[in-house]
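Below is one structure; the comments refer to it alone.
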Amino acid sequence: MSTGFPAVDRITRFFAGLADSAPGRLPPPPHGTIRFDLVDADGRTTVWFVHVRAGQVRVDRAGDRADCVVAIPPEMFVRLLDGTDHVVAMLLRGVLSVEGDLSLFLTFRRLLPPTADSANPEPVRGSPGCTSRGGVGLPGSVNVFSGDVFMISDQHGDIDPNPNSPLGLFFFDTRFLSTWRVTVDGERLSTLSVDDISSAEARFALVPGQPTHYVNATTSILRHRWVGQVFQEEITLINFAPEPLRYVVRLDVGADFAEVQEIRDSLCRNRPVSATVEGHTLRLHYRRQMLHRETIISTSEPADLDERGLTYTVTVAPHETWSVRLRVLTLVRDLRRRDLRERLDSGINRSRAESARGIDALVADVPRLRADHQPLGDAYARSVRDLAALHYQGLNYRERLPATGLPWSMALLGRENLINGFQVLPFIPDRAAATLRILALSQGARHDPFRGEQPGKILQESRYGESAAFNDAPDAAAFTAADTTPLFVILLDEYERWTGDADTVRAYEFQVRAAISWLDRYADPIGRGYVWSVCRRTWTGQANESWRASVRGICFRDGRLATFPQAICELQGYAYDAKRRAARMARRFWGDPEWADRLEREAADLRERFDRDFWIPERGYYALALEADGTKVDALASNVGHLLFSGIVPPERAGHLARHLLGPTLYSGWGVRTMATTEMEFNPLGHHTGAVWPADNSLIAWGLRRYGFKQEAGRIACDLLEASRYFDGRLPALFAGYDRARTRVPVPHRFADSPYAPSAGATLLLLRVLLGLEPYEDHLAVDAAVPEELGQIELLDVRGRWGYADALGRGRPFSAHRLA
């Protein structure tokens, strides 16, 4: 069927008007040419060339070169213009093809009509309920990961099918293997040892059956696995018997292609998966319209293949071995059977050695730590290595992007990576720079109610799963946070203070002005001068737009939920800090002292109003939030510590907050709980109603230190470092908020990401707190306040605008407790 004339006319009018509509809508970089190939159902192609340079646009109908080529049917382009679809969603499901520089095309998004008709006709999957599911104990698991390809198995190396378990091989937010189980002669294997060689590599030593008497075992099995662009595993049988033995080795294989978020929220749906056998290859397929996911398992040795796995029948001579290497490809195909990565500049395979060298190089570039306190040394080494590995190759950004955590958050999450970028600036400034680059590129430019996008708003989440591809949920580009926008400004300013990279600040003036405009115009829909969180729908119910984004996260002491919209307290602190920092950049780098003066006046006014409207004098702390009518939401929560982080608290109030934060109702002995034990909604297993988040605590410790509470900040640092001992130096995203005196050890939470970038970053920010590291122009100030039990700390070769500097702190007893 031919494309209708109305669509052609609409497209022609759009391109014809681009040159006139572009001024003021594009940041200066990047520069380049995009060629649009509009291919209709009859195979006819209409070509447009869009040349972008210095914020200006020129449109031609002919040309001979392009930095980016976009192939799309005209009716799909009209959907893009209308806003009923999104660039990333269309790319993921194969109705749009991009070759070359995708970042140039993402910049072009800013030229689309400003209003998107994005109302989603289908309800978001799931039913109302709280996402904070309780659970004690991490399952014994072994994970290997490289970018957003990762494998999580049990201690034997196996994956048993379970729709609600995070075990599996994952890529693009999708589980490509949900069964991966080895038996020998029909017996399951038992583990003798597991060796975590690196983040991307592990080795298992096993025996068949129950390991009751290891001395009598005549057969050993080694499983050696590693992951990069593909997953590989080598299985080796060793026969220690004096005679040859015949073995039947079976590998059961399956794929459910479930999305990570479905597994997390126990909302997995059945998908029609087909299997085909081709020679030494087993292929597992899932299709939905243009979307095609495929798992390809190949074997280096002959096997009997069926639709459920591979069987090897082998005879091994005495004291000899038999080995097989298995290779698993995870493919995201369109109907032309091309993998998405084949069409994009970033689709470059990196060998296992190359990936390891990249991680080693980053680790070698961080400051060297010498610490008397072994848990600090262990946590530092583990955190740095995890942060080096927590990157993934995006669709086409020509660099590694910061990933957040495993298994639930191996994706770009705006808030989490902005906070993590702040945490690690003295150690890994490139991570902050990468976060700023991708979030500047994807900044909101349209009014899109379905995705929450507004001009100037900073992205919160970008996922590559099926729901994102089909707009079942706004995951392809979700602007579902009210704090990412001020945090973007805060990180940019802090980045320059540490690195002296004035060019980056100058390059992002456009984005900062848009972000401040969002705070002034769109963040305050009721005109009361605050940043408000609106209600958003998730797969499992309603949520707010703060980091406490669970259904019951913002509540009164008596358990009542706050109504929407909500002016959540730390959002106001972030806005205050963002305006002060934007003023510094405007005055120093953008030559706009008038705007700087106005921003400083607005920040001072916000601080005064906030103290008046949020303070609860009879409780001695700030309200968790305000409702639209000004009612104070009076639950005591860790959010008040973020107010110290932002600096919005008058000095005379800080002592009251410090007493609450380190008091028996909020402080567990391992860290500050998200909610006090006195509140009706308190639950030590609740994500946002009682658990302990190391990242949350690191910001609180930094805020306490900022207001002069060195001893209190040091106590948080000591207790979290002590807790890290029970997690092999790797702090999870959260753990249970039980009182330390009751449990004696920190209680793990089974639904926590680990590794988790903001928790790894917490260790680094706590180290900054202990040493009192602060940039002052071209000098690094050191004002150490190290608790006596930590001994001496030396941090060598701290990189910054001063070049390299060393920091030293010696443990000493503190004077009388300030809060007594």
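The values are calculated or read from the model by the stated rules, or taken from the named source; none is laboratory data. Remember, it's a predicted structure, so these values are computed and weren't measured experimentally. When we count neighbours, we look across all protein chains shown, and the Cβ atoms used for this are built from the backbone with ideal geometry, even at glycine.
One table, with the values for the structure above:
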{"quantity": "Failed criterion for ASP195 (all others in (1) surrounded by fewer than 20 Cβ atoms within 10 Å (Cβ to Cβ); (2) closer than 24 Å to LEU387 by Cβ; (3) touching a residue at least 40 places away in the same chain (Cβ under 8 Å) hold)", "calculated": "(3)"}
{"quantity": "Single match in LEU106, LEU80 (criterion: touching a Ser or Thr at 6+ places or on another chain (Cβ under 7 Å) and not assigned by TED's automatic domain parsing to the domain that holds ARG446)", "calculated": "LEU106"}
{"quantity": "Of residues in the stretch 559-586 being crowded, with 16+ Cβ neighbours inside 10 Å and among the charged types (D, E, K, R), the one farthest from LYS632 (Cα to Cα)", "calculated": "ARG584"}
{"quantity": "Any chance PRO746 is over 25 Å from SER198 (Cβ atoms), touching a residue at least 12 places away in the same chain (Cβ under 8 Å), touching a strand residue (DSSP E or B) at 6+ places or on another chain (Cβ under 8 Å) and not aliphatic (A, V, I, L, M)", "calculated": "yes"}
{"quantity": "Any hit, the stretch 233-244, residues being under 32 Å from the mean Cα position of the chain (by Cα), modelled with pLDDT of 95 or more and closer than 30 Å to ALA752 by Cα", "calculated": "yes"}
{"quantity": "Extreme residue, farthest from ARG521 (Cα to Cα), among residues of the stretch 472-504 that are outside any loop (DSSP other than H, G, I, E, B) and among the aromatic types (Phe, Trp, Tyr)", "calculated": "TRP498"}
{"quantity": "Helices (runs of 4 or more DSSP H) (entirely within the stretch 407-471) containing at least 2 residues that are surrounded by fewer than 24 Cβ atoms within 10 Å (Cβ to Cβ) and among the hydrophobic types (A, V, I, L, M, F, W, C)", "calculated": "429-441"}
{"quantity": "Looking only at the stretch 268-285, and only at residues there that are surrounded by 13 or more Cβ atoms within 10 Å (Cβ to Cβ) and within 33 Å of the chain's Cα centre (by Cα), the one that is nearest to ALA258 (Cα to Cα)", "calculated": "CYS268"}
{"quantity": "One residue from ARG587, ARG609, ARG580 being touching a residue at least 24 places away in the same chain (Cβ under 8 Å), of a type outside the set (A, V, I, L, M, F, W, C), more than 23 Å from CYS535 (Cβ to Cβ) and in contact with a helix residue (DSSP H, G or I) (Cβ under 7 Å, 6 or more places away or on another chain)", "calculated": "ARG580"}
{"quantity": "Top-ranked residue in the stretch 114-157 [being more than 30 Å from ALA22 (Cα to Cα), surrounded by fewer than 20 Cβ atoms within 10 Å (Cβ to Cβ) and charged (D, E, K, R); ranked as modelled with the lowest pLDDT]", "calculated": "ARG133"}
{"quantity": "Segments classed as helices (runs of 4 or more DSSP H), wholly inside the stretch 673-753, with at least 3 members that are modelled with pLDDT of 95 or more", "calculated": "694-706, 710-724"}
{"quantity": "Near pairs, Cβ below 8 angstrom, 6+ apart or cross-chain, from the stretch 654-673 (outside the structural domain of ALA701 (by TED's automatic domain parsing) and free of Cβ contacts under 8 Å to residues at least 40 places away in the same chain) to any residue that is surrounded by fewer than 20 Cβ atoms within 10 Å (Cβ to Cβ) and part of a strand (DSSP E or B)", "calculated": "none"}
{"quantity": "Enumeration of residues in the stretch 652-691 that are among the β-branched types (Val, Ile, Thr) and either farther than 23 Å from GLU545 by Cβ or more than 27 Å from the chain's Cα centre (by Cα) (or both)", "calculated": "THR665, THR677, THR678"}
{"quantity": "The one condition in (1) at pLDDT below 95; (2) under 25 Å from VAL769 (Cβ atoms); (3) small (Gly, Ala, Ser) that GLY669 fails to fulfil", "calculated": "(1)"}
{"quantity": "Failed condition for HIS280, given (1) over 26 Å from LEU412 (Cβ atoms); (2) out of contact with any Ser or Thr (no Cβ under 9 Å at 6 or more places or on another chain)", "calculated": "(2)"}
{"quantity": "Answer residue from the stretch 383-407, given it is in contact with a strand residue (DSSP E or B) (Cβ under 7 Å, 6 or more places away or on another chain) and of a type in the set (Ser, Thr, Tyr) and is modelled with the lowest pLDDT among those", "calculated": "TYR392"}
{"quantity": "The listed residue being out of contact with any His (no Cβ under 6 Å at 6 or more places or on another chain) and buried (at least 24 other Cβ atoms within 10 Å of the Cβ), out of PHE589, PHE556, PHE610", "calculated": "PHE610"}
{"quantity": "Pick from the stretch 5-42, criterion closer than 17 Å to LEU102 by Cα and of a type in the set (D, E, K, R), ranking: surrounded by the most Cβ atoms within 10 Å (Cβ to Cβ)", "calculated": "ARG35"}
{"quantity": "Number of positions in the stretch 43-93 that are at positive phi and crowded, with 20+ Cβ neighbours inside 10 Å", "calculated": "1"}
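For (1) within 22 Å of SER323 (Cα to Cα); (2) surrounded by fewer than 16 Cβ atoms within 10 Å (Cβ to Cβ), each residue gets a yes or a no:
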position	(1), (2)
GLU233	yes, no
VAL248	yes, yes
ASP252	yes, no
ASP265	no, no
